[in-house]
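Structure record follows, encoded as C-alpha cells.
What follows is calculated from the coordinates using simple rules that are stated; it is not laboratory data. No experiment lies behind these values; they were computed from the predicted model shown. In this analysis, Cβ positions are derived from the backbone assuming ideal geometry, glycine residues included, and neighbour counts consider all displayed protein chains.
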Amino acid sequence: MKKIYLILFLPLLVPQVRISDEFPVEKHCSITYIANDGFLIDTGKNKILIDALFGNIDGNWCEQPSDSICKLMLNGISPFDNINLVLISHRHADHFSAPMVITFLKNNIKTSLICPRQVNELLQQQTGYNSVASRIISIDPGKSPDTLLSINNTAIRVMKFSHGKFMIADSITGELINIHEDVENIGFIIHSEGFALFHSGDNTSVDPDDYLLYNIKNTAIDIAFFDKMFIRQEGMHIVNTQIAPANMVFMHIGPEQTELLRSVTVGIPEIFIFTKSTETRIYHSGISE
Ligand SMILES: [Zn+2]
C-alpha cells in the first residue's frame, strides 16, 4: 500500500520548475545621466533619450550637457547610436531645444519622438520640421490624459501630470501667480525588454490626485525618476503609497545642491543621485524570458 502511494504521488514530488526559471536570464538596464532631467536609457536592444536634447542655456541654474556631449547626441555617435525613441516631458529650455531636436531627427532617421502638443508647436516653427514630422507623436494632454502607445519595440504609457508651481507676484496687484499653470507636462511609463521605468518630468507632487488617478502601483516599476522635491515627506508618501518603485533616481538638481541631497540619501540603496554628466549606473533584473 505504501509503495502504491509513492508511485501515485511521485510526479507531484518533482519540482514544477520551468526551464526558464532554472536559468533566469539576467537583464541589464543602463542609465546614463546627461543633465538635469535628461537620461539615456539602454536596455540592450532599445535606447531611449529622455529630456536630454538641450543645451546652451544662458545661466548656471541647472546642469546642462556640454558641447561635446551635444555633438555626440546630435550625430548619433556611441553611446548615442541607434536611439529608438526620444521622449520630451514639456516645453521648458532645460528639457528640450527645438533646433537640437530637429537636427537630431534629421540625423537619426529611425528615431521617433513623443512630446506634448506645446513642444510640437515650437518644433513646427523650425526649418526642416516637415522632413521629420512623420516621426513625431504629439500628445494633447487635455484631450488624452492617459495614452498607450507601442512604438519602435517599446510600449509607452503617456500621462498628464501637473508641472511644479513657480509663484511670482504680479507687478501691479501683488497677487501671487503660478507662471507654470499652463505648461503641459507629461510623464511616461516605459516598458523596454522586461524593464519598466517611470519619469514624470517636472511634476513636484503638488497634486497627489495625479497619482491616485493612474493606479501606477499596479505596474511593477523597476526605476522611477523623480524631481528632487519628492524627497519631502509628502513626496515620499506618494512614492511609497502610489508608485512603490524598486529603485529611485532623483533629478532636476542644481549644481550646488547635488552633494547635499546625496548626503541626505546616503545608506538608502534604492535611491541614487547622479553627480556627473555621462555617469552611468547599471540596474540588474532576474526576470525570466
Ligand atoms: Zn519645467
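Observations
- The count of lysine pairs in the range 24-274 whose Cα atoms are under 20 Å apart, excluding pairs fewer than 8 places apart on the same chain, comes to 12.
- At full extension, Asn215 and Glu181 could sit 9.9 nm farther apart than now, given 0.36 nm per residue minus the alpha carbon distance.
- For the range 166-229, averaging the sequence separation of C-alpha pairs within contact (under 8 Å, six or more residues apart) and dividing by the residue count gives a relative contact order of 27 percent.
- Charged neighbours of Ile223, selected by a Cβ distance under 11 Å, balance to -1 (K, R count +1; D, E count -1).
- Fewest-first sequence of Arg281, Arg232 by Cβ atoms within 10 Å of each Cβ: Arg232, Arg281
- Cα-based radius of gyration for the range 24-274, normalised by 2.2 N^0.38 Å, reads 0.98.
- Distant-in-sequence amide H partners of Phe225 (H built 1.01 Å from N, under 5 Å): Phe198, His199, Ser200, Val249
- The value of relative contact order for the range 53-116, using C-alpha pairs under 8 Å at least six residues apart, is 40 percent.
- Other residues within the sphere of radius under 12 Å centred on the Cβ of Asp51, judged by their own Cβ, net out at -4 (K and R +1, D and E -1).
- Across the range 41-49, coupling constants 3J(HN,Hα) worked out from phi with the 6.51/-1.76/1.60 Karplus curve, θ = phi - 60°, read 10, 10, 9, x, 9, 9, 10, 10, 9 Hz, and Gly and Pro carry x.
- Net +/- balance of residues flanking Phe188 in space, Cβ distance below 12 Å, scoring K and R +1, D and E -1: -1
- Residue with peak Gaussian network fluctuation, the chain [Cα springs, cutoff 10 Å], from Leu176, Leu53, Leu149: Leu176
- Of the residues Lys228, Lys276, Lys143, the one that moves most in a GNM of the chain with alpha-carbon contacts below 10 Å is Lys143.
- Sorting Asp210, Asp81 by the number of Cβ atoms found within 10 Å of their own Cβ, with the fewest placed first, yields Asp81, Asp210.
- Sequence-distant contacts, meaning Cα pairs under 8 Å at least 6 residues apart, place the relative contact order of the range 24-274 at 14 percent.
- Candidates Asp209, Asp227, Asp170: whichever shows maximal mean-square fluctuation once the chain is modelled as a Gaussian network with Cα springs under 10 Å: Asp170
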